[in-house]
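Shown next, in structure tokens, is the structure this report addresses.
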Amino acid sequence: MSHYMLDWNQYRALARTAIAEGAVLLRNEHDTLPIKAGSTVSVFGRNQFAYYKSGTGSGGMVNVTHVTTPLDALQRCDEIRLNGELLQVYEAWLEENPFDKGTGWAGEPWSQKEMPVSDEIVLQAAAKSDLALIMIGRTAGEDRDNSADPGSYLLTDTERDMLHKVCRAFEKTVVVLNVGNIIDMQWVSEFHPSAVLYAWQGGMEGGEGLVDVLTGKVAPSGKLADTIAQSIDDYPSTANFGYEDKAIYQEDIYVGYRYFETFAKDKVLYPFGFGLSYTTFQTEVAQASESDGLIEISFKVTNIGSVPGKEVVQIYVEKPQGLLGNPARSLIAFAKTSTIEAGESEVLTYSIPVGDLACYDDGGVTGNKSCYVLESGTYRIYAGTDVRSATPCFEYQVDALRVISRLSENMAPVTAFTRMKPVSSETGYTVTYEEVPLRTVNSEARRLAERPENREYTGDKGYTLADVYHQKVSLDAFLDQLTDDDLACMVRGEGMNSPKVTPGTAGAFGGVSDRLNAFGIPAACCSDGPSGIRMDCGTTAFSMPNGTLLACTFNLALMEDLYEMTGMELRKNRIDTLLGPGMNIHRNPLNGRNFEYFSEDPLLTGKMAAAQLKGMHRVGVTGTLKHFCANNQEFHRHDLNSIVSERALREIYLKGFEIAVKEAGAYAIMTTYGAVNGVWTAGLYDQNTRILRDEWGFQGVVMTDWWAKINDEGGAPSRNNTAAMIRAQNDLYMVVEQPDANPMDDNTSSSLADGSLTRGELLRCAANVCRFIMRSPVMERALGVKERSVEVVGLDEVNDEELDFDMPYQPIVDGGQISLENIDTSTGSSHVFAVALEEPGKYEVTITARSSAGELAQMPVTLLQNNVPSTIFTFNGTDGQWVSLTREVFFFNKHAYLKLFFGLSGLEIRDITFKQLQPFHMKDA
Ligand code: BGC
């Protein structure tokens, strides 16, 4: 019997709601939007055809059955007519100017060449339509930051010209931005479009949700998750962004609106939290009080407009400056109403622990070093629908300094630098800089003193992991049976495309060798994330709206429901944890991965991530919070050292993770590629043990990012220093090809031998891995418990070929061959098989085939590697003779699902041969 029902229609409907609720309406003069029924609309911009469903890199590689573009959705919409002539002009131009995919990883252009529009085209369009929609698109992503140039953060000249001409000719103009994160907006005051809507990247259903907003089916309720300033140079982090070796976080806690509201209000074009609706709300404080350390506030939100809508009421605090100095506003709570009908009201209530108003004293200026404190003074609480317009609603008085929690110094910087601090002036606050408190503890001595007990190897006592699961034996007793080599293997994840788990996924961990399997440890599976499931062998999945869009919904209940669907989809695909949510802070608008992340604000980030986890936890799977922490730039990400104060770490960069761990019980987390204050995070004991586990109570597994580097403090980072990783309690090195062969020459065993790593430390990581496995679906399968199966309903499209999870990988020795006799080669058919090469690298692949067709016949055979086209063998007629065609193909992984796609029937295929030309190993990369 099926325990879970994954209703694709419900999934789609939830995503569509999120897309509509995440769209942020920045401007709507003369009620331009919604588009009135019966209107004729001229759509400008090539992006109407090639909508960006997400950004690029691992977070964007979800295979989909379709993407609903804005144009698709508009065409399906009966109430409006499109200007067909203009459409044809675009179609003709696109024939000549096809979509430029770029080449390879991080090689996609940030935008596409735009079609120049003449005055004539624009005037003709204006004469026959009521409104112009202008679509502008941008992408960026992993390993590829945005740049402050035209085509990325700025508009190109062609786009500017299009805006200029269209806004001059049409009375009603709506600019729709299909972008991963905010872009420059100065053009609004130059060209005065009558409406501007941030649609972000909405995933495969993006067009549907967008058109719901455009046509007024849904009134917009999205709010900016980031501040839009006049210029990129106005963001204080810009000066320290984009360097190769280090990023100095001089702006400290003054990130986003924390900076602008304190020091540079006049630089803001659109404040954090801002977004218009088609209706108007009135909010009044119904009640505000404090008792027993809880501030209770309730608001009555009344829809005084004429259409139904939702509103977000945000609560901010203005803390006293005290000795520490503070931003003028910090978000402390938010809530969204349900749909309120015109004339109706809803009451929102908030309970805010006064401890949430505290600041972290990293230098001890208040006399309480490493404590969260409430300095004395008045804490003014503001409420409103954006940070700027929020008005005072309560005051909380602290008469004498109060310590909220007494922690310890961790992750403190060792490099001297100065940080921002406000100083009061007649006009408000001005920026001064103070020296950042540096590290005062000997972290290494402290780590050594805190090492776990060192237990001995007991030999095989016949216990299996199932015995631990059934509480017949302790986890310690079970693990004591494993040799040092077994344990060293257990901290190596296998991937990508491990044959032990779901094809095409990023990694396997736990039971990654026969010996470990013999102890009953199965291999758990993880897969990217965050915006849908990535399976590189071509399995299709639901592609979700991006992180920024989801944050702009400010709707936690919706997030839970939506990610419950993803949870079921994970289960269905036998994946135990998604590699997401991505929850780094939008420190600077140029970070390429902002699209995966939520916001410049840590509370919004943490709450969103917690909601996604809660949704997945409903069905017994989880997500992997990433990247822990301060992954705020893609350029040189493997080697970048982020130099940050402990206060900024605590209050900004760690805060979201803390919320997700404490509120949602996260049990998987991924560290970053780079370093924080000189230590690469995979080996950062203070972060992965002292803060995450000892302070926050995390009980799960910590994994590295894929092929991350690790160092001993002061030492150079390398990909084989797993000893430093294990000592820090980062439990898994992700990923290697064959874990029991130690292909990266990691130093786990040699460090055990020289005493710099203890068996106790290794056991501690292995225990974390086992605990993860025992609470995951993979254990149910290993135990033979009938898996909580997932029944999928409502999926009307053919989901490609359903992949056979258990397809055997055919081992190929160098020069080896696979027979392909009798496979179907008719037009449009394909043949899928899985190979296990001896090692990754460059190969000569030869296909032998024959055909009785004439010699000019062309019969293309495309070889797809994990569903990505690799090469094409075009056979001509062979007069019945066997003919061999050879191509060079690069195999990044030794395990691959291969597909041959036959473009035209008429071939008889005999076999395919693989001959190695050059090996490739990640450790040498
Ligand atoms: C990314 C991670 C991702 C991993 C596996 C890395 O390149 O930084 O976010 O989860 O690859 O695909």
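The values are calculated or read from the model by the stated rules, or taken from the named source; none is laboratory data. Quick caveat: nothing in here was measured; it's all calculated off a predicted structure. Glycine also receives a Cβ, built like all others from the backbone with ideal geometry; neighbour counts cover every protein chain displayed.
Below are the figures for this structure:
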| item | result |
| --- | --- |
| Candidate set: the stretch 631-647, residues that are in a loop (DSSP other than H, G, I, E, B), of a type outside the set (A, V, I, L, M, F, W, C) and closer than 22 Å to ASP601 by Cβ; chosen: the one farthest from the ligand (Cβ to nearest atom) | SER645 |
| Number of positions in the stretch 715-737 that are touching a Phe, Trp or Tyr at 6+ places or on another chain (Cβ under 8 Å), more than 17 Å from LEU448 (Cα to Cα) and assigned to a loop (DSSP other than H, G, I, E, B) | 2 |
| Those residues of the stretch 668-707 which are among the hydroxyl-bearing types (Ser, Thr, Tyr) and within 23 Å of ASN497 (Cα to Cα), in sequence order | THR671, THR672, TYR673, THR704 |
| Test: residue in the stretch 157-175 that is aromatic (Phe, Trp, Tyr), touching a Gly at 6+ places or on another chain (Cβ under 9 Å), in a loop (DSSP other than H, G, I, E, B) and touching a residue at least 24 places away in the same chain (Cβ under 8 Å) | no |
| Subset of the stretch 40-95 (residues that are more than 16 Å from the ligand (Cβ to nearest atom) and closer than 30 Å to LYS626 by Cα) | ALA50, TYR51, TYR52, LYS53, VAL64, THR65, HIS66, VAL67, THR68, THR69 |
| Single residue of the stretch 241-290 satisfying the filter (of a type in the set (Asp, Glu) and surrounded by 22 or more Cβ atoms within 10 Å (Cβ to Cβ)) that is nearest to THR553 (Cα to Cα) | GLU261 |
| Strands (runs of 3 or more DSSP E) enclosed by the stretch 1-97 - at least 3 residues per element that are over 20 Å from VAL792 (Cβ atoms) and touching a residue at least 60 places away in the same chain (Cβ under 8 Å) | 24-28, 40-44 |
| Residue among PRO545, PRO530 that is surrounded by 24 or more Cβ atoms within 10 Å (Cβ to Cβ) and either within 24 Å of CYS489 (Cβ to Cβ) or assigned by TED's automatic domain parsing to the domain that holds GLY606 (or both) | PRO530 |
| Unique match (being in contact (Cβ under 8 Å) with a residue 24 or more places away in the chain, closer than 25 Å to ALA335 by Cβ and more than 15 Å from the chain's Cα centre (by Cα)) among GLY567, GLY606, GLY547 | GLY567 |
| Candidate set from the stretch 648-675 (those that are within 24 Å of LEU331 (Cβ to Cβ) and not in a helix (DSSP H, G or I)); member that is farthest from the ligand (Cβ to nearest atom) | GLY665 |
| Output for the stretch 587-612, where each listed residue is in a loop (DSSP other than H, G, I, E, B) and either within 16 Å of the ligand (Cβ to nearest atom) or basic (Lys, Arg) (or both) | ARG587, ASN591, GLU596, TYR597, PHE598 |
| Residue among ILE134, ILE183 that alone is touching a residue at least 40 places away in the same chain (Cβ under 8 Å), within 26 Å of VAL268 (Cα to Cα), hydrophobic (A, V, I, L, M, F, W, C) and assigned to a loop (DSSP other than H, G, I, E, B) | ILE183 |
| Test set (1) surrounded by fewer than 24 Cβ atoms within 10 Å (Cβ to Cβ); (2) at pLDDT 95 or above; (3) more than 22 Å from TYR316 (Cβ to Cβ) - LEU684 fails condition number | (1) |
| Matching residues, the stretch 492-523, being away from the ligand (no atom under 15 Å from the Cβ), closer than 24 Å to GLN729 by Cβ and polar (S, T, N, Q) | SER513 |
| Verdict on SER531 being within 15 Å of the ligand (Cβ to nearest atom), free of Cβ contacts under 8 Å to residues at least 60 places away in the same chain and of a type in the set (S, T, N, Q) | no |
| Within the stretch 261-326, strands (runs of 3 or more DSSP E) holding 3 or more residues that are in contact with a Phe, Trp or Tyr (Cβ under 8 Å, 6 or more places away or on another chain) | 281-291, 294-303, 312-318 |
| Filter result for the condition that a residue is away from the ligand (no atom under 16 Å from the Cβ) and assigned to a loop (DSSP other than H, G, I, E, B), over ASP740, ASP705, ASP712 | ASP712 |
| Selected residue [of a type in the set (Lys, Arg), at pLDDT below 95 and surrounded by fewer than 21 Cβ atoms within 10 Å (Cβ to Cβ)] from LYS113, LYS101 | LYS101 |
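Yes or no, residue by residue, for (1) surrounded by 24 or more Cβ atoms within 10 Å (Cβ to Cβ); (2) touching a Lys or Arg at 6+ places or on another chain (Cβ under 8 Å):
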residue: ASP694; (1), (2): no, no
residue: PHE698; (1), (2): yes, no
residue: VAL701; (1), (2): yes, yes
residue: TRP707; (1), (2): no, yes
residue: GLY715; (1), (2): no, no
residue: ASP740; (1), (2): no, yes
residue: THR748; (1), (2): yes, no
